[in-house]
1. Scan (1) more than 10 Å from the ligand (Cβ to nearest atom); (2) assigned to a helix (DSSP H, G or I); (3) touching a residue at least 12 places away in the same chain (Cβ under 8 Å); (4) over 22 Å from residue 8 (Cβ atoms) for the single condition residue 94 breaks and write down its number.
2. Filter region 41-51 down to the residues that are modelled with pLDDT under 95 and touching a strand residue (DSSP E or B) at 6+ places or on another chain (Cβ under 9 Å) and list them by number.
3. I need the full set of residues from region 180-210 which are in a helix (DSSP H, G or I) and within 12 Å of the ligand (Cβ to nearest atom), in order please.
4. How many of the residues making up region 97-132 are in contact (Cβ under 8 Å) with a residue 24 or more places away in the chain and assigned to a helix (DSSP H, G or I)?
5. Under 7 Å between Cβ atoms, at least 6 apart or on separate chains: pull out the pairs that start in region 29-54 with a residue that is over 18 Å from residue 115 (Cβ atoms) and end on any residue that is part of a helix (DSSP H, G or I) and within 16 Å of the ligand (Cβ to nearest atom).
6. Please count how many residues of region 47-75 are surrounded by fewer than 20 Cβ atoms within 10 Å (Cβ to Cβ) and part of a helix (DSSP H, G or I).
7. Looking at (1) without any contact (Cβ under 8 Å) to a residue 12 or more places away in the chain; (2) crowded, with 17+ Cβ neighbours inside 10 Å, find the lone condition where residue 226 falls short.
8. Given the conditions (1) in contact with a helix residue (DSSP H, G or I) (Cβ under 8 Å, 6 or more places away or on another chain); (2) part of a helix (DSSP H, G or I), which single one is not true for residue 168?
Ligand SMILES: NC(=O)c1ccc[n+]([C@@H]2O[C@H](COP(=O)([O-])OP(=O)(O)OC[C@H]3O[C@@H](n4cnc5c(N)ncnc54)[C@H](O)[C@@H]3O)[C@@H](O)[C@H]2O)c1
């Protein structure tokens, strides 16, 4: 995947978990990387740590259209183009549906679905002008099967899956590929939060229990997902569009 060296890659939710590891992996492969995140402190900390002219943090709330436009403009201004745009930012709320407030539902849908819509809308406009592009969405196994206890999250990831397929068929004529990655249970801050909020026991024992849910018998790592992102970003996957690449240790194969 030597071609990654030539690529400009933008990653939303790049200040933590899957997004951060993906950003580090592209950076290590020689790409120019822009991370966009609502967490200013963490984004600035990583920019300072890497201290590289190939790495930029743009403070962004993907639910705000003007932020998405600014992110895209700033990325193009800094590095000349955008080759790969990764819609990765997402949140999970595990309230049972009959207790869920409309505000909670809207907050989840705004980040997980509307944010993907807004960023995709504006990056597609740019990619259409250059007649090439590559969009990768972080979906979830929750977009394929219903995960217990998180109905709204499942619905949001189902929407991301269908948006991926829709954009793939609509924009293939512009040489733009759109795929998604469907992670299983990955060891990230987002999951640690949901583990401790929803289960009894120490984090270590909960993780051990969760590991048993996948035939491979372990939680996924953020690097497992970064590897799938790099494959979809590279030209070696050039005949893939509209695909959902499942990386779940076999969870959905049962
Ligand atoms: N961790 C898992 O097991 C798992 C499994 C399947 C899918 N996913 C998906 O992977 C993606 C990343 O999850 P993660 O586990 O790395 O979570 P995480 O909480 O570690 O990282 C998510 C990042 O998104 C950022 N973010 C949240 N709202 C934002 C907004 N409005 N604008 C910009 N940035 C915002 C957060 O600040 C954070 O840095 C999400 O879309 C999640 O749904 C995670």
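The values are calculated or read from the model by the stated rules, or taken from the named source; none is laboratory data. Since the structure is predicted, the reported quantities are computational estimates derived from the model, not experimental observations. Please note: Cβ atoms are built from the backbone with ideal geometry, for glycine as well, and neighbour counts cover all protein chains shown.
1. Only one criterion in (1) more than 10 Å from the ligand (Cβ to nearest atom); (2) assigned to a helix (DSSP H, G or I); (3) touching a residue at least 12 places away in the same chain (Cβ under 8 Å); (4) over 22 Å from residue 8 (Cβ atoms) is unmet by residue 94, namely (2).
2. Taking region 41-51 and keeping what is modelled with pLDDT under 95, we get 50-51.
Across region 41-51, the qualifying residue is only 50.
3. Narrowing region 180-210 to residues in a helix (DSSP H, G or I): 189-198, 203-210.
Those that are in a helix (DSSP H, G or I) and within 12 Å of the ligand (Cβ to nearest atom): 189, 190, 191, 192, 193, 194, 195, 207, 210.
4. The qualifying residues number 24.
5. Cβ pairs passing all conditions: 29/230; 33/23; 33/26; 46/20.
6. Residues that pass the stated criteria total 11.
7. Among (1) without any contact (Cβ under 8 Å) to a residue 12 or more places away in the chain; (2) crowded, with 17+ Cβ neighbours inside 10 Å, residue 226 violates only (1).
8. Of (1) in contact with a helix residue (DSSP H, G or I) (Cβ under 8 Å, 6 or more places away or on another chain); (2) part of a helix (DSSP H, G or I), only one is false for residue 168: (1).
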